[in-house]
Amino acid sequence: MRRQVRKRSAPDSTVGCGPLIPPLVESARPLRQQVFERVRAAGLTARVQVARDLSVSPASVTTIVSELIEAGLVEEVATRREGESGRGRPVVALGVRAAAHRVVGLKISDRDLSAVVMDFAGHLLAEHHEERSPEALPPDRILGLIETLLDRVTTKAGLTRQDLSAVGIGLPGYVDSAGGRVLWSSILSERNVPLGRLVTERLGLPAQIDNDANLCAMAELWFGAGRRLSDFVVVTIEHGLGMGMVTNHRIFRGARGIGMELGHTKVQLDGALCRCGQRGCLEAYVADYALAREATTALNWTHRQTQSTAVLLESLHDHAKAGNQAARSIFRRAGRYLAVGLANVVNLVDPPLLILAGARLRFDYLYAEETLAEMNALVLETGRPLPEIEIHAWGEMLWAHGAAALALSALGERLLALPREGVAQ
Ligand SMILES: [Zn+2]
């Protein structure tokens, strides 16, 4: 086995101290990218405001804006000063040229598929949702599924594949977003699949992939409560349990790309079997497949095997509401484990805001007073207020929005961060 533990002797005082940061390791984003991002975030803004926001001279902003306008990425929009009558002199504002590019965001989960088309300014052009039967498929079939889904939503938007500039894809599992590789996913029957490259080859479009929980954080960061926050945590609960963390306005994926696997943190030694193959994972007590498993055992619902998990869960929820003690205790137990997981996040990360998100959040056990009270009891007593908790039931399109944001973000980097001659297309 690979040696993981290395012993070191005391440091040599002759070699200096402090972090060894190579020059420009954290290369600042080019000013034109910063200008573009300011304009995109503002919706409409003025050159002078951009200069003020970035603490640079108005002259340099003017030069960069001219370049961005020439490149067709930004445009001037005539607006009127607030409070002025229709006769007031129009003011020229800057905005992203929405028609410059379009991207597709896709989410593939065990149970459903969702997709959106967005323009370059992040406006929603079309959306599509369909169910699928939970099944781990070989890469080729997943590619076929992605292609069909992309074509369906593109057609809904009145566009063709040629009109698209990028695609972002979210899926459950261990996803190395930077390397475009899926190390493991419940939707794939093979491990270590270079899905990003395969999608790019199949569709002829630059593709960016990511773990679905990260896309949930991305959706909050681009379109939701996280827009104004530099740091927050999103915990997603649906078929699995995921976590996305934003630090300094960026998704933090762990130094090697696959961190934040809250669902697979252990809450019980030798506990319930998780679909990752290990035992005692939080997900194995909280995710809907865990509830479904409990229901089939505790309520003797063996005949329900043909039913989808969603139908089974609805039924379990109805029983709990009607006062069935066995059904209630299943939710209560899951809620207690969730409280442990959330308290661990708070104790580790100390976030100002913790968002609980997902399509399944209508099951009120998840955010029942009891669960939150239990969480609060497990959070360290520091004398300061607890982090804010928000419940976001965006519905099933949340992830696809995040996937589109991922595509827009990668597209922006490609168009603006690299030298022109280095841009592939
Ligand atoms: Zn696990």
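I need the full set of residues from the range 159-196 which are assigned to a strand (DSSP E or B) and either out of contact with any Phe, Trp or Tyr (no Cβ under 7 Å at 6 or more places or on another chain) or buried (at least 21 other Cβ atoms within 10 Å of the Cβ) (or both), in order please.
ALA166, VAL167, GLY168, ILE169, GLY170, LEU171, VAL175, ASP176, ARG181, VAL182, LEU188, VAL193
Considering ALA403, ALA326, ALA357, ALA339, which residue is surrounded by 15 or more Cβ atoms within 10 Å (Cβ to Cβ) and touching a Lys or Arg at 6+ places or on another chain (Cβ under 8 Å)?
Going through ALA403, ALA326, ALA357, ALA339 in turn, the sole match is ALA403.
Being away from the ligand (no atom under 11 Å from the Cβ) and not basic (Lys, Arg) is the filter here; which residues of the range 287-300 pass it?
Those that are away from the ligand (no atom under 11 Å from the Cβ) and not basic (Lys, Arg): ASP288, TYR289, LEU291, ALA292, GLU294, ALA295, THR296, THR297, ALA298, LEU299, ASN300.
Out of all the residues in the range 37-69, which are of a type in the set (Ser, Thr, Tyr) and either in contact with an Asp or Glu (Cβ under 9 Å, 6 or more places away or on another chain) or surrounded by 20 or more Cβ atoms within 10 Å (Cβ to Cβ) (or both)?
Selection gives THR45 alone.
Count, please, the residues in the range 406-425 that happen to be of a type in the set (A, V, I, L, M), out of contact with any Lys or Arg (no Cβ under 9 Å at 6 or more places or on another chain) and at pLDDT below 90.
Going through the range 406-425 one residue at a time, the tally reaches 1.
Looking at the range 264-280, I want the residues that are closer than 19 Å to TRP184 by Cβ and have a partner that is charged (D, E, K, R) and more than 9 Å from the ligand (Cβ to nearest atom) with Cβ atoms under 6 Å, at least 6 apart or on another chain. Which pairs are those?
ARG279/ASP270
Is there a residue in the range 266-286 that is more than 16 Å from the ligand (Cβ to nearest atom), in a helix (DSSP H, G or I) and at pLDDT 85 or above?
No, the conditions are met nowhere in the range 266-286.
Can you tell which of GLU147, GLU130 is among the acidic types (Asp, Glu) and not in a helix (DSSP H, G or I)?
GLU130
Quick one: would you say LEU312 is modelled with pLDDT under 85, touching a Ser or Thr at 6+ places or on another chain (Cβ under 9 Å), of a type outside the set (Asp, Glu) and assigned to a helix (DSSP H, G or I)?
The answer is yes for LEU312.
Could you tell me whether GLY226 is within 17 Å of the chain's Cα centre (by Cα), surrounded by fewer than 22 Cβ atoms within 10 Å (Cβ to Cβ) and either in a helix (DSSP H, G or I) or at positive phi (or both)?
No, not satisfied.
Scan the range 115-127 residue by residue and report those that are part of a strand (DSSP E or B) and surrounded by fewer than 19 Cβ atoms within 10 Å (Cβ to Cβ). Walk me through how you get there before you give the answer.
Let us first name the residues in the range 115-127 that are part of a strand (DSSP E or B), namely 115-119, 124-127.
Scanning the range 115-127 gives LEU124, ALA126.
Closer than 21 Å to ASN211 by Cβ, small (Gly, Ala, Ser) and within 31 Å of the chain's Cα centre (by Cα): which single residue out of GLY72, GLY144, GLY105, GLY95 fits that description?
Being closer than 21 Å to ASN211 by Cβ, small (Gly, Ala, Ser) and within 31 Å of the chain's Cα centre (by Cα) holds for just one of GLY72, GLY144, GLY105, GLY95, which is GLY105.
Looking at the range 44-51, can you tell me whether even one residue there is in a loop (DSSP other than H, G, I, E, B) and modelled with pLDDT under 90?
Checked against the condition, which is being in a loop (DSSP other than H, G, I, E, B) and modelled with pLDDT under 90, the range 44-51 yields no hits at all.
Looking only at residues in the range 244-265 that are open to solvent by less than 20 Å² (accessible area, probe 1.4 Å) and within 13 Å of the ligand (Cβ to nearest atom), which one is farthest from ASP350 (Cα to Cα)?
This residue is GLY263.
Every residue in the range 229-243 that is crowded, with 18+ Cβ neighbours inside 10 Å and of a type outside the set (A, V, I, L, M), please.
Matches in the range 229-243: PHE232, THR236, GLU238, HIS239, GLY240, GLY242.
The values are calculated or read from the model by the stated rules, or taken from the named source; none is laboratory data. As the structure is a computational prediction, the values presented were derived from the model and not from experiment. Note: ideal-geometry Cβ built from the backbone for every residue, glycine included; neighbour counts use all protein chains shown. All accessible areas refer to the heavy atoms of the entire protein, side chains included, with ligands and DNA or RNA removed. Shrake-Rupley method; radii C 1.70, N 1.55, O 1.52, S 1.80 Å.
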